[in-house]
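Notes to accompany the following structure.
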Amino acid sequence: MRERRLPISGAHAKLGSAAVFSLVLGWLVAAYPAAAIPEAPTHAPEGALVTKILYVGKRYPEPLPLSLLDKDLTDEGVQGARLAIKENNMTGRLIEQHFELTEVVADANEDVVTKARAELAKKQGLIIADLEPSDLLAMADLPEAKGAIIFNVRSSRDELRQQDCRQNVFHIIPNWAMRADALAQYLSWKRWRRWLVVYGTTPGDKDYLVAIRRSAQKYGAKIVDERSYEFDAGSRRTDSGHQQIQTQMPMLTQGAPDYDIIFASDVGEAFGDYLLFRTYEPRPVVGSQGLQAVAWHRTFEQYGGTQLQNRFEKQARRMMTERDYTSWLGVRVVGEAVTRTAINAPADIKRYILSKDFAVAGFKGIGLTFRTWDHQMRQPILLSGPRTLVSISPQEGFLHQTSLADTLGFDEPETKCRMQKQ
Amino acid sequence: MKRIYAAAVIAAIGNFGAQPVSAATLFVSNEKDNTVTVLDSETLAIVKTIPTGARPRGMALTPDFKELLVCVGDDNRLDVIDTETLEVVRTLESGPDPELLDIDPKGERVYIANEDEGYVTVLERVSGKVLAEIPVGVEPEGMAVSPDNKFTVATSEQTSMAHFIDNETFKVTANVLVDTRPRVAEFERDGKLVWVSAEIGGTVSVIDPVTRKVVKKFGFEIPGVRRELIQPMGIRFTKDGKTAFVALSTANRVAVVDVATYTTKEYILVGQRPWHMALSPDGAKLYVANGLTNDMTIVDVATRKAEKSVPVGRLPWGVLVKP
């Protein structure tokens, strides 16, 4: 049992109480003593509009990162949600609003859906889902979740935005098709159009592979060959392990028709980092390793991103990962909606975040919005090398009639999502 | 009549001293270089590059123009530059991560936005003594002391509000919600209304400080430029107060706004990511710091033409003019 709760006051949410919401929130104020700087209030002031958000996660067995530089993290995701709650409350204290986070994290052998169901039964309707696809869908399909909004902050699986889409699920994290398109645009700009694709054995590897094939076709690249690497993940802590790798990687990449880059799909972290500097031909590596397409990275500090990196590191005492960022952003979406409308019923929030009035700032230089056809968050994608940011897609010159960011991933005409109305 | 005329001439000579009549000094903070570039307004040549602390962004001149205060965010302090010797002569404790600041009209107090911590620090300018630390929203940035020195407007980027701070009590008296990511607050010339630019929202909110209401909100439309790229940032009013310039960042343009009607008359193409701006002392030229092209564009105010661009440091952020 690993259930944690932040302090929760007894106050109940005032749903829809402040329908008349003037732009001026004024005179609410505040006798703050000059010396004490409250970081963020932890309790709801009396009469405040209280918004509860549920974070649902599970300690899935995950391979250790191949690189010794990457730590094995146990609090990924939830740290981002905690930071965003603080930020929501710093704003909330000025307008008589308060935000609370309940954390439900299942152990590897526990059924997370059962645990989440108990919380949903208590009228928790705003959910940050740090879950794998099967758990995500099982939770979304619970009768108790029918009127909820579930923010997917973890799974990039394309089917969740296509045939497996749900009316109550919104995707903060980019999907594989968006990532592959983001890289494909950059590779196209570089005129590196001949790709050797190397993929691993996990379901995620296969999912990304499909997206890479789709992007090659969409952007006119040629996949010269596809090769699978089927050895098990190496232990990252082996003495003299490098000799074996040094001979395996050239074998994996030799004898292919001429190629400009290697597109790696090793989401399962079995070998991708080993490709760098060890390929048969001297070629760059992109994909799940090398040049990566991500929603967040420590190499990124543009558009005010420095502030978020700083705030996060101060709180968590480590770098902010992509899942920390998507969890942060999910909670900020709720904060933005409630701050603007002073209404916090899930149905109202859903209507608002799908409307033209909504945009949330996520340090990407443009307001972030949701695609109405599959609930995927529309966003620029960072292209980061291991040490520095390389570029941000969409690349210049790729045009779209409504939003440049819709050149990444599934645009409306190609959507397979058929959402049932609530 | 004659005597008055003569007195005026003497006064004019006295004011300008030995300097050339119209030469002013321009200061540009370079966020990525950790320097302030000093240029001569006549020749546009670089007079000096002054090393500062890390990440110099917001700047303010004292009312007597003798000191330039520079926020050096990563070093958590203000660097004070002597505008005659062009050296950093002292530093002030600003509180963490200062981004932008303003000085009251008497030159006695400094109001600083502490971006990382979500509060405003008020300093006694001469002694550096901290008078108050006032909690506001997340990521405060824009700072503007009202011309009558009664209150200060701070904007917070993540909270999307303009906070009104009473300069006597140091209390926040109102929080006005504006569009997403407000960056800059600037008072109209007569001091009656304050404009707040919202970068992601793409709008400018005009707020009446008496009623604390947004009395007007307007956006921008540029043919061929997508709405999401139009990101209002710096604001400057012409000397007669009838026209405002609004830097539009990723749209690479400066909007020329008629203040009476809040309508945009034209857009001036400048460098990439125009950020902050300043007017020459005679009001004839507008200087625009272009963040991504590492230069500064000089715009002629009368003709609305971008006349030329001159290189400064890397990632220029703010620009100020000393007569």
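The values are calculated or read from the model by the stated rules, or taken from the named source; none is laboratory data. Just so you know, these numbers come straight off a predicted model, no measurement behind them. Neighbour counts are summed over all protein chains in view; Cβ atoms, including those assigned to glycine, are modelled from backbone coordinates with ideal geometry. Just the protein is used for accessible areas: all its heavy atoms, side chains included, with ligands, DNA and RNA removed. Shrake-Rupley method; radii C 1.70, N 1.55, O 1.52, S 1.80 Å.
Residue-by-condition table, conditions (1) closer than 19 Å to B:Leu100 by Cβ; (2) out of contact with any Lys or Arg (no Cβ under 6 Å at 6 or more places or on another chain); (3) outside any strand (DSSP E or B):
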{"position": "B:Val256", "(1), (2), (3)": "no, no, no"}
{"position": "B:Gln272", "(1), (2), (3)": "no, yes, yes"}
{"position": "B:Tyr287", "(1), (2), (3)": "yes, yes, no"}
{"position": "B:Ile298", "(1), (2), (3)": "no, no, no"}
{"position": "B:Glu307", "(1), (2), (3)": "no, yes, no"}
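Residues that are open to solvent by 40 Å² or more (accessible area, probe 1.4 Å) number at least 3 in the following helices (runs of 4 or more DSSP H) confined to the range A:59-168: A:112-120. Going by the structure shown, is B:Glu221 acidic (Asp, Glu) and either closer than 25 Å to B:Trp317 by Cβ or open to solvent by less than 10 Å² (accessible area, probe 1.4 Å) (or both)? Considered against the rule, which asks whether it is acidic (Asp, Glu) and either closer than 25 Å to B:Trp317 by Cβ or open to solvent by less than 10 Å² (accessible area, probe 1.4 Å) (or both), B:Glu221 comes out as no.
Being part of a loop (DSSP other than H, G, I, E, B) and open to solvent by 20 Å² or more (accessible area, probe 1.4 Å) is the filter here; which residues of the range A:169-194 pass it?
Looking only at the range A:169-194, we keep the residues that are part of a loop (DSSP other than H, G, I, E, B), and these are A:172-175, A:191-193.
If the condition is that a residue be part of a loop (DSSP other than H, G, I, E, B) and open to solvent by 20 Å² or more (accessible area, probe 1.4 Å), then A:Arg191, A:Trp192, A:Arg193 are the ones that fit.
For the range A:245-273, how many residues meet the condition of being assigned to a helix (DSSP H, G or I) and touching a residue at least 60 places away in the same chain (Cβ under 8 Å)? Step through it out loud before you land on a result.
Within the range A:245-273, the first condition is being assigned to a helix (DSSP H, G or I), and the residues that meet it are A:245-253, A:272-273.
So of that shortlist, the ones also touching a residue at least 60 places away in the same chain (Cβ under 8 Å) come out as A:272-273.
Going through the range A:245-273 one residue at a time, the tally reaches 2.
The set of residues from the range B:140-158 being over 22 Å from B:Gly191 (Cα atoms) and without any contact (Cβ under 8 Å) to a residue 40 or more places away in the chain comprises just one member, B:Gln158. Scanning the range B:117-138 for residues being open to solvent by 20 Å² or more (accessible area, probe 1.4 Å), within 9 Å of chain A (Cβ to nearest Cβ) and outside any strand (DSSP E or B) gives a total of 1.
Going by what's in this entry, would B:Val321 be described as crowded, with 17+ Cβ neighbours inside 10 Å and assigned to a strand (DSSP E or B)? So B:Val321 fits the description; yes.
What pairs come out if I take residues in the range A:138-165 that are within 12 Å of A:Gln124 (Cβ to Cβ) and pair them with residues that are among the basic types (Lys, Arg) whose C-beta lies under 8 Å away, six or more apart or interchain? If the second residue must be among the basic types (Lys, Arg), the pairs left are A:Met139/A:Arg117; A:Leu142/A:Arg117; A:Glu144/A:Arg117; A:Ile149/A:Lys350; A:Ile150/A:Arg166.
Residue-wise test of (1) within 14 Å of chain B (Cβ to nearest Cβ); (2) over 21 Å from A:Asp141 (Cβ atoms); (3) in a loop (DSSP other than H, G, I, E, B).
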residue	(1), (2), (3)
A:Trp373	no, no, yes
A:Leu382	no, yes, no
A:Pro386	no, yes, yes
A:Phe398	yes, yes, yes
A:Gln401	yes, yes, yes
A:Asp406	yes, yes, no
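I'd like the full set of residues that are at the interface with chain A (Cβ under 7 Å from one of its Cβ atoms) and over 21 Å from B:Val215 (Cβ atoms), limited to the range B:160-180. The answer is B:Phe170, B:Lys171. In the range A:317-355, what count of residues is obtained for those that are farther than 21 Å from A:Ala145 by Cβ, β-branched (Val, Ile, Thr) and assigned to a loop (DSSP other than H, G, I, E, B)? Residues flagged as farther than 21 Å from A:Ala145 by Cβ, β-branched (Val, Ile, Thr) and assigned to a loop (DSSP other than H, G, I, E, B) within the range A:317-355 amount to 1.
The condition (being modelled with pLDDT under 95, more than 27 Å from B:Phe220 (Cα to Cα), in a loop (DSSP other than H, G, I, E, B) and more than 8 Å from chain A (Cβ to nearest Cβ)) is satisfied by just one residue among B:Pro147, B:Pro96, B:Pro105: B:Pro96.
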